[in-house]
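Here's the structure, in structure tokens; my notes come after.
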Amino acid sequence: MGVHQVKLTINGKTVVEGVESRTLLSDFIRDGCGLTGTHVGCEHGVCGSCTVIVDGAAVRSCLMFAVQADGLEIETVEGLSQNGELGPLQKNFKECHGLQCGFCTPGILMSATDYLSKHPEPTTRELKEMLSGHLCRCTGYDGILKAIQKTVEENKETIS
Amino acid sequence: MKNVIGSSVTRVEDARLLTGQGTYIDDIGVPPNTAHAAIVRSTYPHAIIKSIDVSEALLVPGVKGVITGREIEAYLNPFSVGVSAPVNYYPIAIDKVRYVGEPVAVIVAKDRYVAEDAAELVRVKYEPLQPIVDIEKTMDQDAPLLHENVGSNIANHRSFHYGDVDRAFNEADLIVKHKFHFPKYSATPVETYGIIAQYENSSDRYTIHANFHGPFIIQSVMAGALKIPSNRLRIIIPKDIGGSYGIKAGTFPYMVLLAVASRIAGCPVKWIEDRQEHLSASSSGTDRVTYIEAAVNEDGKVLGLKMKMMDNVGAYIRAPEPACLYRTHANTTGAYDIPNLKIDGYVVMTNKLPTGLIRGYGGQELYFPLERIMQMIAFKLHLDPVDVIQKNLIKTRQFPYQTASGGIYDSGDYERALQLALDTGRYKEFRKKQEEARGKGRIFGVGLACIVEPSGSNMGYITIALTPDERAASLPKSGCTEAATVSMDPMGFVNVRISTAPTGQGHETVTAQIVADVLQIPKEQINVVAELDTSTSPWSIASGSYSSRFASLGSSAVYLAAQKVKKKLLQIGAHHLQVPEEDLYFENAAILSKSDSSIRWPLKRAAGSAHWNPLSLPEGMEPGIYETYYYTAKIAEPPDQNDLINSSITYGFVADMVTVEIDPETGQVEILDYITIHDAGKLLNPLIVDGQIYGGLVHGLGGALYEELAYDEKGQFLTGTFMDYLCPTAPEIPNITIRHIETPSPVTPLGAKGLGEGNTMSAPVAIANAVSDALKPFGVTIDSLPLSPNKIWKLLSEQKAANTLKR
Ligand code: FES
Ligand code: FES
């Protein structure tokens, strides 16, 4: 199996590694980079738990090969907080009980982060649509939705 | 300090889970020589294995071994199970496969990619046999046999007779009966099974890390299968488990399979299940056919019930089955005062994935026919379903209520809860709206369900699968034991060790709340360790996360262990301060005197003295602060001679009202409003409580509308991806309103009852009732699930065709 060298940025840090062409980006992030906050739940692009942000767009890392990420910038859940301090979205997940087992959570945080950066004032319906790319079997999505909506409200206040 | 029990505190688990620092099974470090497994699985539902050629697979660079059932068999006994039928269940097929997805060989290789490459190259020759998947046909004399040595596909059969059923049926004004089918579905935690197994030949012992959450009675089942003394099977569960809802109890056969693979390969072996494996070959809920008959008076009063239930446990009966059939035995008559009951219970095997625990376990299968028949009674008698329910509900003054089959309902106010549901959902108003809508050609319906939610299983209930004589020949089982250890270290900080194996329910948080209250210290100072380790944790056969047993049992063990610590600290305080123990109390992490306000001794000093200066302790007292409590409830007795059994410890109540609209063109069911009223006794943390309810309800919704592990009639598996097996996503979630009433349980020290499964039990039938109510004018009735647009559309068109013919 041929090994290729890739150079990419993960959470602001440059990574240079050799990867096989068939290595999934999700496996590379977890096993190659040791960032186990990105989870794998289906490996066929439905559950959303492997979602990361690649060059400013939320992407399912199980549907991408690591070699395809060569030269790109990746953000994972580990990049959302500084020194263990939770960011606003994370804080609201905690406050609104937006997670139980937490397995789906990193993927949802990444999707929501990406989405809110592009749609600062989404409707509930739009948020539900955005969430439809994620499976959570613990929460019934109620706390998740509340947490994101709370973040939207807070963002509005900071802007105005 | 304020009480924290009962308040909505946020969770201690969250910080790590929100920052990617959770430690799930796939995140824990493994020894450098660890190999990875891929499993070759049967593509046939029923076939003889003629040969397995592994030669090509062995040539793949990086492969360390290919192991077949024949090699593994030498190291194993079949798993033991609680029925007398001699079903030989191994974690891998030996000479015959009995369901699609059954393991046939294990590849052990340097990484998973290589293992999968090799798996492709294993050549298995099969001789196909006639498959059987139908629950009733599998009971036929001439049905193809799954297990020749058993002689039939029936794994267990028992009949129960309580009260005077014949008389009830003779005296009744009418008999209402129907057949119902509850489907096979799953819970699909987003994290799949994961196992790291290691065999150490110098001491002949196995260590297995797995996202298994009990019941830990299965530890002895596994040790028995591995032919080793049970203390040489060490099971360690990771700090975090990515959901289970019962399904991960089914990791146990794979734990044993990987254990033996490690032994044969000579290195630790890791396996993370993939999604297709999970859907086809992990575990699932039990599908059931029920024939139900109710003896009823004109006024809607039910005098007696007969239920013939047939549970399909798939290709092999395995622990904890046949528990699906018996978990709800005590509450078979649900929320109703029905003294005469006949149960005819069968457990059958077919060429499908073996079953096991699932959220609601047994409840949804029971309440689907029971609550459907209540509505059918109302329709037959031209009564409002509310009136029929009210006529039969157990009255508040009847608590504690003894059910026909031996249950002791500890507390409740069912009438009030139902009324609250009707008021919150504006039942009467909706009925008017429904009338008006009908005039406009729109189809509205309202469904109700009143169910009893059992929690904290009595370990004795499963023995009801045996006859009283068979039971007498074995050792009796009882209790529902859970254990916890509370300790204080030399600096006065608290560690708590629990064995409830949480899978996302926030046990660490609630444990900290309870201990904080008892010891009057800030909850932030309490460290809770939930990683159960069978070699070092306090645990019992009942330990684990199932039957909603934390609130009723786990919390009780924590509370009473903390009380032991408190007692010891009080004794130390009394001795040190020279004040009687009764005069002392705890506040703000200190011991104070009721009579002398100048007395104040920090708890950490008291605890510290037990470590640093044990000679200062009262005469005869042990040094250290380390207290374990094993809690069981007295009411968890073994079944008696008459087959009376109190199968659970506490019994909560759920009253649901759901309204739907059905699109006549497409058959699509839209849920307008879902109202659910819960009585789970004293609530320990309302924030977590509501989270559990939402999750359970949405799983119930999935069961009602979307989820099914489907097989064709030839036993081929049809739903191997998340594109075929549909789970509810955010846009499918309706308006949900949750309300609580609290009638504390007299059974548990904190008055709490388990919860979180209630709506998984109630939602399928509540929604089915709503749909039946909506389709009543068309003569359509619902007796199977899920209610896909396809199914509704078909039912509607069949009825239309029939009606046209009639005209
Ligand atoms: S693991 Fe990538 S979408 Fe499920
Ligand atoms: S929190 Fe468990 S799957 Fe979402």
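Can you tell me how many residues within region B:362-393 are outside any helix (DSSP H, G or I) and open to solvent by 10 Å² or more (accessible area, probe 1.4 Å)?
4
Look at A:CYS42 and say whether it is in contact with a Gly (Cβ under 7 Å, 6 or more places away or on another chain), surrounded by 19 or more Cβ atoms within 10 Å (Cβ to Cβ) and assigned to a loop (DSSP other than H, G, I, E, B).
Details: in contact with a Gly (Cβ under 7 Å, 6 or more places away or on another chain): no; surrounded by 19 or more Cβ atoms within 10 Å (Cβ to Cβ): yes; assigned to a loop (DSSP other than H, G, I, E, B): yes.
Here the answer is no, as A:CYS42 does not meet what is asked.
Can you confirm whether A:CYS42 is more than 14 Å from the chain's Cα centre (by Cα), within 16 Å of ligand 2 (Cβ to nearest atom) and in the same structural domain as A:LYS7 (by TED's automatic domain parsing)?
Judged against the criteria, A:CYS42 is a match.
Hey, which of the strands (runs of 3 or more DSSP E) in region B:459-548, taking only ones fully inside, have at least 2 residues that are within 27 Å of B:TYR24 (Cβ to Cβ), free of Cβ contacts under 8 Å to residues at least 40 places away in the same chain and of a type in the set (A, V, I, L, M)? Walk me through it before giving the result.
Values: elements: B:482-488, B:494-498, B:526-529.
The strands (runs of 3 or more DSSP E) meeting that bar are B:526-529.
It is to be established whether one or more residues within region B:577-595 are in contact (Cβ under 8 Å) with a residue 24 or more places away in the chain, assigned to a helix (DSSP H, G or I) and not assigned by TED's automatic domain parsing to the domain that holds B:GLN402.
Yes - at least one qualifying residue is present in region B:577-595.
Select from region A:106-121 the residues that are more than 8 Å from every other protein chain (Cβ to nearest Cβ) and under 18 Å from B:LEU17 (Cβ atoms) and write down the one among them that is most open to solvent (accessible area, probe 1.4 Å). Quick ask: steps written out before the conclusion?
The first filter runs over region A:106-121 and keeps only residues more than 8 Å from every other protein chain (Cβ to nearest Cβ), leaving A:107-108, A:110-121.
Filter once more, keeping what is under 18 Å from B:LEU17 (Cβ atoms): A:107-108, A:110-113.
Details: A:GLY107: 0, A:ILE108: 1, A:MET110: 2, A:SER111: 17, A:ALA112: 0, A:THR113: 44 Å².
Across region A:106-121, the extreme among qualifying residues is A:THR113.
Only residues that are aromatic (Phe, Trp, Tyr) and surrounded by 15 or more Cβ atoms within 10 Å (Cβ to Cβ): list them for region B:577-625, please.
Passing the criteria: B:PHE586, B:TRP601.
Residue pairs, Cβ under 8 Å, 6 or more apart or interchain, first in region A:38-54 and on the phi > 0 side of the Ramachandran plot, second among the hydrophobic types (A, V, I, L, M, F, W, C) and more than 6 Å from ligand 1 (Cβ to nearest atom). List them.
From residues that are on the phi > 0 side of the Ramachandran plot, the pairs are A:GLU43/A:LEU24; A:GLY45/A:LEU63; A:GLY48/A:CYS104; A:GLY48/A:ILE108; A:GLY48/A:LEU135.
Do we have B:ILE241 as outside the structural domain of B:SER548 (by TED's automatic domain parsing), among the β-branched types (Val, Ile, Thr) and part of a strand (DSSP E or B) here?
no
Yes/no per residue for (1) out of contact with any His (no Cβ under 6 Å at 6 or more places or on another chain); (2) away from chain A (no Cβ under 12 Å); (3) farther than 14 Å from B:HIS213 by Cβ:
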| residue | (1), (2), (3) |
| --- | --- |
| B:ILE247 | yes, no, no |
| B:GLU277 | yes, no, yes |
| B:ARG288 | yes, yes, yes |
| B:TYR291 | yes, yes, yes |
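Being small (Gly, Ala, Ser) and surrounded by fewer than 19 Cβ atoms within 10 Å (Cβ to Cβ) is the filter; apply it to region A:83-105 and report the residue that is nearest to the other protein chains (Cβ to nearest Cβ).
Applying the first criterion (small (Gly, Ala, Ser)) to region A:83-105 yields A:84, A:87, A:98, A:102.
Now narrow it down to the ones that are surrounded by fewer than 19 Cβ atoms within 10 Å (Cβ to Cβ): A:84, A:87.
On the way: A:GLY84: 7, A:GLY87: 9 Å.
Across region A:83-105, the extreme among qualifying residues is A:GLY84.
Given the condition in contact with a Lys or Arg (Cβ under 7 Å, 6 or more places away or on another chain), under 22 Å from B:ILE39 (Cα atoms), more than 16 Å from ligand 2 (Cβ to nearest atom) and not in a strand (DSSP E or B), answer yes or no: does some residue in region B:222-235 qualify?
Among the residues of region B:222-235, not one is in contact with a Lys or Arg (Cβ under 7 Å, 6 or more places away or on another chain), under 22 Å from B:ILE39 (Cα atoms), more than 16 Å from ligand 2 (Cβ to nearest atom) and not in a strand (DSSP E or B), which makes the answer no.
Looking at B:GLY314, is it farther than 26 Å from B:ASP166 by Cβ, within 20 Å of the chain's Cα centre (by Cα) and either more than 14 Å from every other protein chain (Cβ to nearest Cβ) or within 16 Å of ligand 1 (Cβ to nearest atom) (or both)? Steps first, answer last, please.
Numbers: farther than 26 Å from B:ASP166 by Cβ: yes; within 20 Å of the chain's Cα centre (by Cα): yes; either more than 14 Å from every other protein chain (Cβ to nearest Cβ) or within 16 Å of ligand 1 (Cβ to nearest atom) (or both): yes.
Criteria met by B:GLY314.
Small (Gly, Ala, Ser), within 14 Å of another protein chain (Cβ to nearest Cβ) and crowded, with 22+ Cβ neighbours inside 10 Å: which single residue out of B:ALA730, B:ALA766 fits that description?
Going through B:ALA730, B:ALA766 in turn, the sole match is B:ALA730.
Those residues that are among the charged types (D, E, K, R) and away from every other protein chain (no Cβ under 14 Å), I need them from region B:469-523; list them, please. Please lay out each step first, then the result.
Step one: of region B:469-523, the residues among the charged types (D, E, K, R) are B:469-471, B:477, B:482, B:489, B:497, B:508, B:517, B:523.
Residues satisfying the conditions are B:ASP469, B:GLU470, B:ARG471, B:LYS477, B:GLU482, B:ASP489, B:ARG497, B:ASP517, B:LYS523.
Just wondering, is there one or more residues in region A:59-82 that are under 21 Å from B:CYS727 (Cα atoms) and within 7 Å of another protein chain (Cβ to nearest Cβ)?
No, that holds for no residue.
Which count do you get for residues in region A:122-144 that are among the aliphatic types (A, V, I, L, M), at the interface with chain B (Cβ under 7 Å from one of its Cβ atoms) and free of Cβ contacts under 8 Å to residues at least 24 places away in the same chain? Let's see the steps before the verdict.
Residues of region A:122-144 among the aliphatic types (A, V, I, L, M): A:127, A:130-131, A:135, A:144.
Pick out the ones that are also at the interface with chain B (Cβ under 7 Å from one of its Cβ atoms) and you get A:131, A:135.
Then drop every residue that is not free of Cβ contacts under 8 Å to residues at least 24 places away in the same chain, which leaves A:131.
Qualifying residue count, region A:122-144: 1.
What number of residues in region A:27-45 are away from ligand 1 (no atom under 11 Å from the Cβ) and in contact with a Leu (Cβ under 8 Å, 6 or more places away or on another chain)?
Residues that pass the stated criteria total 1.
Between residues in region B:187-216 that are within 14 Å of chain A (Cβ to nearest Cβ) and over 24 Å from A:HIS44 (Cα atoms) and residues that are among the charged types (D, E, K, R) and surrounded by 24 or more Cβ atoms within 10 Å (Cβ to Cβ), which pairs lie under 6 Å by C-beta distance while being six or more apart or on different chains?
B:HIS213/B:LYS248
Wholly within region A:50-125, which strands (runs of 3 or more DSSP E) include no fewer than the required count, namely at least 3 residues that are basic (Lys, Arg), closer than 26 Å to B:THR503 by Cα and not assigned by TED's automatic domain parsing to the domain that holds A:GLN149?
In region A:50-125, there are no strands (runs of 3 or more DSSP E) which contain 3 or more residues that are basic (Lys, Arg), closer than 26 Å to B:THR503 by Cα and not assigned by TED's automatic domain parsing to the domain that holds A:GLN149.
Among the residues of region B:184-221, write down those that are within 16 Å of ligand 1 (Cβ to nearest atom), part of a strand (DSSP E or B) and touching a Leu at 6+ places or on another chain (Cβ under 8 Å).
Of everything in region B:184-221, nothing turns out to be within 16 Å of ligand 1 (Cβ to nearest atom), part of a strand (DSSP E or B) and touching a Leu at 6+ places or on another chain (Cβ under 8 Å).
Please find, among A:LEU63, A:LEU86, the residue that is touching a Leu at 6+ places or on another chain (Cβ under 9 Å), away from ligand 2 (no atom under 15 Å from the Cβ), under 27 Å from B:SER7 (Cβ atoms) and of a type in the set (A, V, I, L, M).
On the way: A:LEU63 fails: under 27 Å from B:SER7 (Cβ atoms).
After applying the criteria, what remains is A:LEU86.
So which of B:ALA774, B:ALA752 ends up being farther than 22 Å from B:ASP679 by Cβ and of a type in the set (A, V, I, L, M, F, W, C)?
B:ALA774
From A:GLY12, A:GLY56, grab the single residue that is closer than 19 Å to A:ALA112 by Cα, more than 15 Å from ligand 1 (Cβ to nearest atom), away from chain B (no Cβ under 13 Å) and in contact with a helix residue (DSSP H, G or I) (Cβ under 9 Å, 6 or more places away or on another chain). Give the steps one after another, and end with the answer.
Details: A:GLY12 fails: closer than 19 Å to A:ALA112 by Cα.
After ruling out the rest, the residue left standing is A:GLY56.
The values are calculated or read from the model by the stated rules, or taken from the named source; none is laboratory data. The structure presented is a predicted model; accordingly, all values stated were derived computationally and were not measured. Note that we place each Cβ from the backbone using ideal geometry, even for glycine, and neighbour counts take in every protein chain shown. Heads up: the accessible areas ignore ligands, DNA and RNA and are worked out on the full protein's heavy atoms, side chains in. Shrake-Rupley method; radii C 1.70, N 1.55, O 1.52, S 1.80 Å.
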